[in-house]
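Single-structure report; data block below.
The values are calculated or read from the model by the stated rules, or taken from the named source; none is laboratory data. In this text the structure is predicted, and so the values were computed from the model without any measurement. Here the Cβ positions follow ideal geometry from the backbone for every residue, glycine too, while neighbour counts run over all protein chains shown. For accessibility, only protein heavy atoms count, side chains too; no ligands or nucleic acids. Shrake-Rupley method; radii C 1.70, N 1.55, O 1.52, S 1.80 Å.
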Amino acid sequence: KAYTDFQLTQLAVRNKDVTEINRLAKTGELTSIQKVWAFTTAARFAAVSERSRASDLLDEALNESRRISGSNPDKARALTAVAAGFGEIDRVRSWETLNEVIKAANSADAFTGEDSQISSRLQTPQMVVATSATAEDFDLLSVFRILSRADLLRAIEVAKGFTGEAPRAVATLAIARSVLEKRQQLASGAN
């Protein structure tokens, strides 16, 4: 059932069916990280026309993220996706959630900040089936690109809060990338 529910959730995501994604995230037999992925993806789709609905979906994702064990790298990944989602609709909440990302990342040695995969596995005595999907919002790149455009100096200071070398490097590179992209946009606009 869990494998089937995840497959149905992936189908609803491909169809951009926010209502079905939300239903499956609430009632399906999904893991916490899969639920967060579903809620944050649905929020991204809803943000186009229904900002309050997107915010509600992100609240659901945030609550689910907090259920994940503190030393599990999935907690940092999940909170990163929530912070990225809020980055588009509520910057204050995004910065607040980013503080939780740092705490979770510093508690999880295995978190690198570049873990953008979500997977599901079905195992029977006769076979093993595994699927995975890209979850780019689980990467620090997504949230730091958004927030460094809003407040570069604050993003730099926040990135210094990571004790792990890998997440700090990913955050720093994301900030640098956003600065370069901004300069390229300015240069192309001047031509």
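Quick notes on this structure:
- Close contacts from region 95-122, counting a first residue that is touching a residue at least 40 places away in the same chain (Cβ under 8 Å) and a second that is outside any helix (DSSP H, G or I) and open to solvent by 60 Å² or more (accessible area, probe 1.4 Å), with Cβ to Cβ under 6 Å and a gap of 6+ residues or different chains, come to Asn106/Thr163; Arg121/Ala130.
- Unmet criterion (only one of (1) in contact with a Lys or Arg (Cβ under 7 Å, 6 or more places away or on another chain); (2) modelled with pLDDT of 95 or more) for Glu96: (1)
- Remark: pairs (first residue in region 66-91, under 13 Å from Ala110 (Cα atoms); second residue hydroxyl-bearing (Ser, Thr, Tyr) and surrounded by fewer than 22 Cβ atoms within 10 Å (Cβ to Cβ); Cβ separation under 6 Å; 6+ apart in sequence or on different chains) = Gly70/Ser107; Ser71/Ser107.
- Some residue of region 38-46 being among the aromatic types (Phe, Trp, Tyr) and either in a loop (DSSP other than H, G, I, E, B) or in contact (Cβ under 8 Å) with a residue 60 or more places away in the chain (or both): no
- Of residues in region 2-50 being over 18 Å from the mean Cα position of the chain (by Cα) and β-branched (Val, Ile, Thr), the one surrounded by the fewest Cβ atoms within 10 Å (Cβ to Cβ): Thr27
- Qualifying positions in region 24-58 - acidic (Asp, Glu) and in contact with a Phe, Trp or Tyr (Cβ under 9 Å, 6 or more places away or on another chain): Glu29
- Tally of residues being open to solvent by 100 Å² or more (accessible area, probe 1.4 Å) and farther than 16 Å from Phe111 by Cα across region 147-172: 4
- Test result for Gly85, small (Gly, Ala, Ser) and open to solvent by 50 Å² or more (accessible area, probe 1.4 Å): no
- Taking the criterion of being open to solvent by 10 Å² or more (accessible area, probe 1.4 Å) and part of a helix (DSSP H, G or I), the residues of region 88-104 that qualify are Glu88, Ile89, Arg91, Val92, Arg93, Trp95, Glu96, Asn99, Glu100, Ile102, Lys103.
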